[in-house]
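**Q** Dropping a structure here in structure tokens format, bear with me for questions.
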Amino acid sequence: MFKKSLAIILSTVLCFSVSGCNFSSTKVDDMLNAPKPSGDLYNIQTALEKYVGGSVDLRYPRSGEYRSAFVLQDIDNDGIDEAFAFYGTKNDDNTTLMHINMINCIEDKWVSASDIQMQSSGVDCIKFCDLDGDGIMEVVVGWNKYSVLGRELTVFSINSGKLVQRMQVNYSVFSLCDINSDGVTEIVTVYLNSVEKSSIAKAFVIDKSGVLDRGSCMLDGTVLSYDEPTISKLKTGQIAIYIDATKGAAGMITELIYWKNDGITNPFYDTTTYQNITTLRSSTTRCTDFNGDGILNIPFMEALPSVASTSDSEKAYMTYWEECDGTDFSKIAVTVMNYVDGYYFEIPSDWVHNFTIVRKLDSKQRIFYHWNQKTLSTCEELLRIQVFSIIEWENSKSNYDNYFEVARDETNVYVMKLGDSSVLTLDQQTIVNGFHILNTSKGETIN
Ligand SMILES: [Ca+2]
Ligand SMILES: [Ca+2]
Ligand SMILES: [Ca+2]
Ligand SMILES: [Ca+2]
């Protein structure tokens, strides 16, 4: 149930052949860790060294699907992969110049066909997509720059066997998606200018005549960094891009970009404060497809009531998982998330605003209490949830009267004990159904 809708698939099946150009994989991970490439990869590297005229300072993309120094992709769909390599050379002032080199297989021999030099300190990512509809994929490369102000995205087409640059634009993160559902893929960039504290999303398309502007919208410019954008949908089914962004001590926001009228829009940009207040939360909880329906859900946090002396860092939160139709939100679920111990509990509707929890971090225990809104104090205990290692539980469970096991994984046992409250009571099965182990490797730190 709790899973990212669009996980990046990094696993790759490698298929090494001993000679010729019948390399059948399109991605090769961890090439730099290999002591010596064999087969096609050896021949590709040899072709590149021949072009460079000596040993080559190979670089590889730091993010995205393709992470190797040699990226293989059949961009013209003729059954034979083209190889793309990144390497660095030194400028006169000893700074690094980056190169992308295309190595083609012609009559069973790998030969460098094209080389483009960039003012860049390294490669962020490479993606392939036919953007101008001619049946041949464009090569989209994100370059890191020496400047702190973002990166540079370049789009190359292949013309007469050579890489030809089609566009160049600053970006912090970008997506390739058909955001207006017209059958043509847009390039959607987000560029954060952290000096001017402004951030702008722009959409472009490329056709035979060149680059066409498809509009822009402002985002919150006070963020520190962006997560990779996730292409998902609004509640209406319309395609939308979700981008979680860190705001430092203030927490986190989710930016949402979708097509409206004749351009892209961000519904959360407040034109008074120039910020995204709507989705601001005081934790690092990311948006996720909470109910697995292909529509990303945005978390909203609400502090649980506590006695007045509780400091901010000790506060416990309730998380509302919401879906957005572009304007309004609707609630999917209310939970207490425990990312540290790896589970969440769905809050029954009549508990909302009538309960609080006390956290016992050392014993990995959460105690749910009925909260009296008149006296602003905790009343009877409703439930406790505790996590043990399997060994710990097997050795000590005789000491835990009335506790029962609700779930276990390879290392832990999750147990519960129902409270003695006479209000807000639920049967054991309903309580158990609300408990879920978190299936996520993300390191969120809320409690
Ligand atoms: Ca090909
Ligand atoms: Ca094309
Ligand atoms: Ca489109
Ligand atoms: Ca969903």
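The values are calculated or read from the model by the stated rules, or taken from the named source; none is laboratory data. Predicted model, so just to flag it, every value in this text is computed and none were measured. All Cβ positions, even for glycine, are placed from backbone atoms using ideal geometry, and neighbour counts span all protein chains on display.
**Q** Please indicate, with yes or no, whether at least one residue in the stretch 274-281 is within 15 Å of ligand 4 (Cβ to nearest atom) and crowded, with 17+ Cβ neighbours inside 10 Å.
**A** Looking for residues that are within 15 Å of ligand 4 (Cβ to nearest atom) and crowded, with 17+ Cβ neighbours inside 10 Å, one finds none in the stretch 274-281, hence no.
**Q** Please find, among ILE231, ILE206, the residue that is within 16 Å of ligand 4 (Cβ to nearest atom), in contact (Cβ under 8 Å) with a residue 24 or more places away in the chain and surrounded by 15 or more Cβ atoms within 10 Å (Cβ to Cβ).
**A** Going through ILE231, ILE206 in turn, the sole match is ILE231.
**Q** Out of the stretch 107-132, which residues are among the polar types (S, T, N, Q) and in contact (Cβ under 8 Å) with a residue 60 or more places away in the chain?
**A** Selection gives SER112 alone.
**Q** Here's another thing I want to ask about it. Would you be able to say whether some residue in the stretch 72-79 is touching a strand residue (DSSP E or B) at 6+ places or on another chain (Cβ under 6 Å), away from ligand 1 (no atom under 16 Å from the Cβ) and either modelled with pLDDT of 95 or more or within 30 Å of GLY133 (Cα to Cα) (or both)? If you could, list the steps in order and put the result at the bottom.
**A** Restricting attention to the stretch 72-79, the residues satisfying the condition of being touching a strand residue (DSSP E or B) at 6+ places or on another chain (Cβ under 6 Å) are 72-73, 75.
When the remaining residues are screened for being away from ligand 1 (no atom under 16 Å from the Cβ), the result is none.
No, there is no match, as no residue in the stretch 72-79 is touching a strand residue (DSSP E or B) at 6+ places or on another chain (Cβ under 6 Å), away from ligand 1 (no atom under 16 Å from the Cβ) and either modelled with pLDDT of 95 or more or within 30 Å of GLY133 (Cα to Cα) (or both).
**Q** To continue, here is another question. Kindly indicate whether any position in the stretch 331-348 is farther than 27 Å from ASN412 by Cα and crowded, with 21+ Cβ neighbours inside 10 Å.
**A** Scanning the stretch 331-348 turns up no residue that is farther than 27 Å from ASN412 by Cα and crowded, with 21+ Cβ neighbours inside 10 Å.
**Q** Among PHE156, PHE174, which is the only one that is within 28 Å of the chain's Cα centre (by Cα), within 30 Å of TYR242 (Cβ to Cβ) and within 16 Å of ligand 3 (Cβ to nearest atom)?
**A** Among PHE156, PHE174, only PHE174 is within 28 Å of the chain's Cα centre (by Cα), within 30 Å of TYR242 (Cβ to Cβ) and within 16 Å of ligand 3 (Cβ to nearest atom).
**Q** Also, quick follow-up: Within the stretch 207-228, identify whether any single residue is on the phi > 0 side of the Ramachandran plot, in a loop (DSSP other than H, G, I, E, B) and either within 16 Å of ligand 1 (Cβ to nearest atom) or modelled with pLDDT of 95 or more (or both), and answer yes or no.
**A** Taking every residue of the stretch 207-228 in turn, none turns out to be on the phi > 0 side of the Ramachandran plot, in a loop (DSSP other than H, G, I, E, B) and either within 16 Å of ligand 1 (Cβ to nearest atom) or modelled with pLDDT of 95 or more (or both).
**Q** Filter the stretch 137-168 down to the residues that are under 14 Å from MET102 (Cβ atoms) and hydroxyl-bearing (Ser, Thr, Tyr), then identify the one that is nearest to ligand 2 (Cβ to nearest atom).
**A** Across the stretch 137-168, the extreme among qualifying residues is SER157.
**Q** Then there's this: Go through the stretch 146-165 and report how many residues are part of a loop (DSSP other than H, G, I, E, B) and acidic (Asp, Glu). Spell out how you get there, then give the answer.
**A** Just the residues of the stretch 146-165 that are part of a loop (DSSP other than H, G, I, E, B), to begin with: 146-150, 160-161.
From the residues that got through so far, the ones that are acidic (Asp, Glu) too are none.
Residues that pass the stated criteria total 0.
**Q** If you take the residues in the stretch 221-245 that are touching an Asp or Glu at 6+ places or on another chain (Cβ under 7 Å) and charged (D, E, K, R), which one is nearest to ligand 2 (Cβ to nearest atom)?
**A** Only one residue tops the list, namely ASP227.
**Q** Can you run down the residue pairs with Cβ atoms below 6 Å, 6 or more apart or on separate chains, where the first is in the stretch 155-183 and closer than 30 Å to LYS233 by Cα and in contact (Cβ under 8 Å) with a residue 40 or more places away in the chain and the partner is part of a loop (DSSP other than H, G, I, E, B) and away from ligand 3 (no atom under 12 Å from the Cβ)?
**A** SER172/GLY150; VAL173/PRO229; SER175/PRO229
**Q** Before we move on, is SER363 assigned to a loop (DSSP other than H, G, I, E, B), farther than 28 Å from ALA249 by Cβ and more than 27 Å from the chain's Cα centre (by Cα)?
**A** Answer is yes for this residue.
**Q** Please indicate, with yes or no, whether at least one residue in the stretch 177-189 is buried (at least 19 other Cβ atoms within 10 Å of the Cβ), outside any strand (DSSP E or B) and out of contact with any Leu (no Cβ under 9 Å at 6 or more places or on another chain).
**A** Yes, the stretch 177-189 contains a residue that is buried (at least 19 other Cβ atoms within 10 Å of the Cβ), outside any strand (DSSP E or B) and out of contact with any Leu (no Cβ under 9 Å at 6 or more places or on another chain).
**Q** Moving to a separate point now. Just to be sure I understand, how many residues within the stretch 364-393 are under 15 Å from TYR343 (Cα atoms), among the β-branched types (Val, Ile, Thr) and either free of Cβ contacts under 8 Å to residues at least 12 places away in the same chain or crowded, with 20+ Cβ neighbours inside 10 Å (or both)?
**A** Selection size over the stretch 364-393: 2.
**Q** Do we have GLY161 as in contact with a Ser or Thr (Cβ under 9 Å, 6 or more places away or on another chain), away from ligand 4 (no atom under 16 Å from the Cβ), modelled with pLDDT of 95 or more and within 30 Å of ILE106 (Cα to Cα) here?
**A** Numbers: in contact with a Ser or Thr (Cβ under 9 Å, 6 or more places away or on another chain): yes; away from ligand 4 (no atom under 16 Å from the Cβ): yes; modelled with pLDDT of 95 or more: no; within 30 Å of ILE106 (Cα to Cα): yes.
In short, no.
**Q** In addition: Give me the residue from the stretch 133-165 that is crowded, with 20+ Cβ neighbours inside 10 Å and of a type in the set (D, E, K, R) and, out of that set, farthest from VAL211 (Cα to Cα).
**A** Filtering first and then ranking leaves ARG151.
**Q** Based on this model, can you work out whether GLY292 counts as over 21 Å from TYR191 (Cβ atoms) and modelled with pLDDT under 95?
**A** Yes; evaluated as a whole, the condition is true for this residue.
**Q** I've got another one for you. Would you confirm whether or not the stretch 256-279 contains a residue that is in contact with a helix residue (DSSP H, G or I) (Cβ under 8 Å, 6 or more places away or on another chain) and modelled with pLDDT of 95 or more?
**A** No, the stretch 256-279 contains no residue that is in contact with a helix residue (DSSP H, G or I) (Cβ under 8 Å, 6 or more places away or on another chain) and modelled with pLDDT of 95 or more.
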